[in-house]
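Participant: I have a structure I would like to understand better, so I am pasting it below and will then ask my questions one at a time.
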Amino acid sequence: MTSPARRTDLGAGDGGWVALAAADAELAYLPALLTPEDAALAMTALTTAVQWEQHTVRIAGRRLACPRLSAWYGDPGARYAYSGLALEPSPWPAPVARLRELVESRIDAPFDSVLLNLYRDGADSMGWHSDDEPELGPTPLIASVSLGATRRFVLRHRRRRDVAAVEIALAPGSLLVMSGPTQRAWRHALPKTRRQVGPRINLTFRQVLETTRAVRTQSPG
Ligand SMILES: O=C(O)CCC(=O)C(=O)O
Ligand SMILES: [Mn+2]
């Protein structure tokens, strides 16, 4: 299976991948990684199998609760420092492990860790950030699976105001792959919405390099 990093110049219909063209970015979207039935089953399974927590971040000396619930799983040795929180991985629940296998089968790349976020309703969100922590390497490969409510995912170029923002409605059962220079050149966010929306779960599979340890100070809010 060819890596989607090499697929970004290809259009829809190539195994279902849709390449999203943007300067300094490699984005590939697979609308139906899962069938609607399997996506609904995975949503239910993850809601109960995952140990959801409300993480807090320290910003300017104050502890703030993140507007979402989160969980982190990784293989032994995969440690990840996120917003100043050193997260120690715990063993993978079966439905999360199954999704990793499915993603790896479509991307032909290994992932040793995953960050899960549960957006309980439209008031839950994730602020502007890049997944550019040093332990993810110079060109992080991020595989993002969405379940539950469709939410708007937005990317903005860090420096170039002449480059239009990219907006993707991340549908349940979809897979978005960000690779190459994307994290270095772009930020992304999952904005709040006033629409009445149900819960949404997002899983971002990552590969943590074991050689680097880092602590982030910026919070994605
Ligand atoms: O919920 C999403 O689609 C984005 C999550 C995200 O950016 C992250 O976990 O780093
Ligand atoms: Mn991110």
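Values quoted throughout were computed directly from the atomic coordinates according to the rules given, and no laboratory measurement underlies them. Quantities reported herein were computed from a predicted structural model and do not represent experimental measurements. When we count neighbours, we look across all protein chains shown, and the Cβ atoms used for this are built from the backbone with ideal geometry, even at glycine.
Participant: Would you kindly derive the ³J(HN,Hα) couplings of region 161-175 from the backbone phi angles with the Karplus curve 6.51 cos²θ - 1.76 cosθ + 1.60 (θ = phi - 60°), listing them in order in whole Hz, with x for Gly and Pro?
Facilitator: Computed from phi, the couplings for region 161-175 are 6, 7, 8, 5, 5, 10, 10, 10, 7, 7, 7, x, x, 8, 10 Hz.
Participant: Given a Förster radius of 30 Å and the C-beta distance between Ser105 and Arg195 as r, what FRET efficiency does 1/(1 + (r/R0)^6) yield to the nearest 0.05?
Facilitator: Values: r = 34 Å, r/R0 = 1.12.
Step by step, r from the Cβ atoms, then E = 0.35.
Participant: Taking H placed 1.01 Å from N in the peptide plane, check which residues at least 5 places from Gly148 or on another chain put their amide H under 5 Å from its amide H.
Facilitator: Gly173, Ile201
Participant: Give me the distance in nm between label points sitting 7 Å out from Cα along the Cα-to-Cβ direction at Thr48 and Arg184, one decimal.
Facilitator: Reported label-point gap for Thr48 and Arg184 is 4.6 nm.
Participant: For the pair Arg159 and Glu37, how long in nm is the line joining their label points, each one 7 Å along Cα→Cβ?
Facilitator: So the two model labels end up 5.0 nm from each other.
Participant: Moving to a separate point now. If you look at just the Cα atoms of region 13-206, how large are its Rg and its Dmax in Å?
Facilitator: 15.9, 50
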